[in-house]
Each structure stands twice: as C-alpha cells, then as structure tokens.
1. Starting from the Cα of Ser191, step 7 Å along the direction of its Cβ; do the same at Lys92; then give the gap between the two resulting points in nm.
2. To the nearest 10 Å², what's Met31's accessible area with a 1.4 Å probe?
3. What whole number of Å gives the distance from the Cα centroid of the range 236-296 to the Cα centroid of the range 52-125?
4. Volume per residue, Å³, of the convex hull around the alpha-carbon atoms of the range 191-241?
5. Would you report the distance distribution of C-alpha pairs in the range 75-181 as whole percents per 10 angstrom bin, up to the bin with the largest distance?
6. Where the only charges are on Cβ atoms (+1 Lys, Arg; -1 Asp, Glu), what is the dipole of the chain about its Cα centre, to the nearest 20 debye?
7. How much area per residue is accessible in the range 119-172 when the probe is 1.4 Å and only protein heavy atoms are counted (Å²)?
8. Give, in nm to one decimal, the length gained when the segment between Asn79 and Leu126 is fully stretched (0.36 nm per residue of separation minus the Cα-Cα distance).
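The values are calculated or read from the model by the stated rules, or taken from the named source; none is laboratory data. Please read these numbers as outputs of a predicted model, since none were measured by experiment. Note that each Cβ is placed from the backbone with ideal geometry, even for glycine, and that neighbours are counted across all protein chains shown. We work out accessible area using only protein heavy atoms, side chains counted, and drop any ligands, DNA or RNA first. Shrake-Rupley method; radii C 1.70, N 1.55, O 1.52, S 1.80 Å.
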Amino acid sequence: MNARALLVAAILPILIQGADLKIDHVTVAGMNLDKMEKQLASVGLHTESGGPHTNHATQMAISSFPDGSYIELIAPQQNYDAAALGAHQWGKFIQGDAGPCAWAVRPKFFDAEVARIRAAGVPVKLVGGGRTRPDGTALKWQTADVAGAGVGVFLPFLIRDETPRQNRAFPGGKPANRDQSGILRVVIAVSKLSDALERFGLAYSDAARPLRQVDRKFGAELAWIADSPVVFAAPLGSDSWVAERIAKFGEGPIAFVLSGKNKSKESVWGTSQWFGRDLTWFDPRKLGDWWLGVQE
C-alpha cells in the first residue's frame, strides 16, 4: 500500500462523520468577459485576467478575496472552437448568459474525500485541467466531478492543485478585493426542498438537518444546512424569478453571498435577513440579472 492509500485509510473514518465543504471558487458564465468584468466593477468588485483554459473554448477572469476563495468569470476565448464550446460542461450557461452556474470546494484531504463520497455510493470522476496565465505561468489541477449530473451544478466539484494554488487564486500576487473576506454562501435553486435535501444528503449527510425560512423579496423558501455554505431556494410560485431560472437552466446556483462589508451605500439595492443575519444585495440589474449579496 503506497503512502497516499495509507493516508486515505487513516483519515476516512474521521471524514465520514462530516464532509469538507470549504469553498474554493464559484463560477459565473456568460458570452462577453469584458462586459462581465465591468458588471462586477459597477458594484465595486475588482477582477484580474486569468487567461485561456487549455480546452480551446473558454477564458476567465478572477475576483479574489483574502480567504483564498474567488469568483470565476468564464466566457468564450478569442477565436474559440465552437464545437468545443458547445461540448463544454457549462456550454448552455455560457451561451445563455446564465450568470451563476457552478461551485467548487477544496477539501483538505482530496483523496480521502473522494473515497468518502464513493463509499456513500455516489460516483466520482477524476479529470485533469489547466490554463496559462497572461504572464505565461502554467497552472495545473485535478478535479472530481461528483454524481455526474453537471460539474459543480448541484453538488460541488472538488479541486486539488498540482501547481502552487496562490498562482491560480491570486494572479497579481494578492487578493483583488479587501472589503469582503471571501465567499460565504452558495444559493442553489431547486424545484422542491425535500427532494434537493435528499439528493444532497447522499453525499453530505448533514443535509438532513436544515433550517428553513421564507424570503418573499428573494421569491423563495430557503433551507440552510447549518454550519455549511449551502442554501437551497425553492420558488414561492410559478411567477417567481427562481422558477423562471429553473425552467431555463435547471436546478443549480442562482446567487452567492460574500462575507465582509458593503461600504458603498449607492451599491445597496435591497436587504434581507437570513437565519438571523442581515444581508445587503447588490443591484441584480447591474450584474446581468443575477444576485450577489454581502453578510457582515
């Protein structure tokens, strides 16, 4: 048995009691990267170019935070291969200017977490990836697609770096943003809360004990898996924007919540209180009709 296998065997009994859901990054998809960067800038968030992926289809920009998490803006690269874009796992989100489309977690013990999920009967597919930054720095990583129902679209995908992670997260050598500390919540649109919690619970057993509330401004009934970054949102009615989003793109991320401060009063569009904590929302119209909030 090699060293990696021994590590997995030693740690698996511990991890089986509680999954590792540390957010690595979240993904926002669209057709025009420059436009998407300007939309984030309009609410005070800075971005940096991340360069093209090696798939001949996409390029990206990063809006990074001090805790190492970041928002990935993904769009077609210059002179992209149309067939490659069409076959991309997030192709329909990119071509549909969907905005939020996926999320990734960075487990401390990648192999053990893969083994834990597989032991729960959930399939996991390992895939290599990479890109080259505009300054020529090559990046490589490995991802794990969980359950095969869309990479990070419902369940998060796992990621492990094969080159220094700071080179991936901080193209400029430091966080692009300081007012917010990181990405706190991923809000996932679902048709029915009970079904979503059951599906999520196949890989993450803590989903069986959610807290619930209704946010009429957001247009959804919410279920938060306490002490996790996951909030599920089921539409309150067929006329809810959440229902329209599900009809167009299926279940998946529709909003993200940052931790930190929203210093610009002009950028505050609305407020909510989720599970006893106050949120402020940036104007969705400035972002291309998707929601981004801040919890202090």
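1. Placing both labels 7 Å along Cα→Cβ, they lie 1.3 nm apart.
2. Roll a 1.4 Å probe over it and Met31 shows about 70 Å².
3. Cα centroid to Cα centroid, the span is 21 Å.
4. Values: hull volume 3.8 nm³, N = 51.
Once divided by residue count, the hull of the range 191-241 is 74 Å³.
5. 13, 35, 39, 13, 0
6. Details: 33 positive and 30 negative charges, 63 e Å.
Computed charge dipole of the chain: roughly 300 debye.
7. On the way: 2260 Å² over 54 residues.
Normalised by residue count, the accessible surface of the range 119-172 is 42 Å².
8. Details: separation 47, 0.36 × 47 = 16.92 nm, distance 2.83 nm.
Here the segment from Asn79 to Leu126 would lengthen by 14.1 nm.
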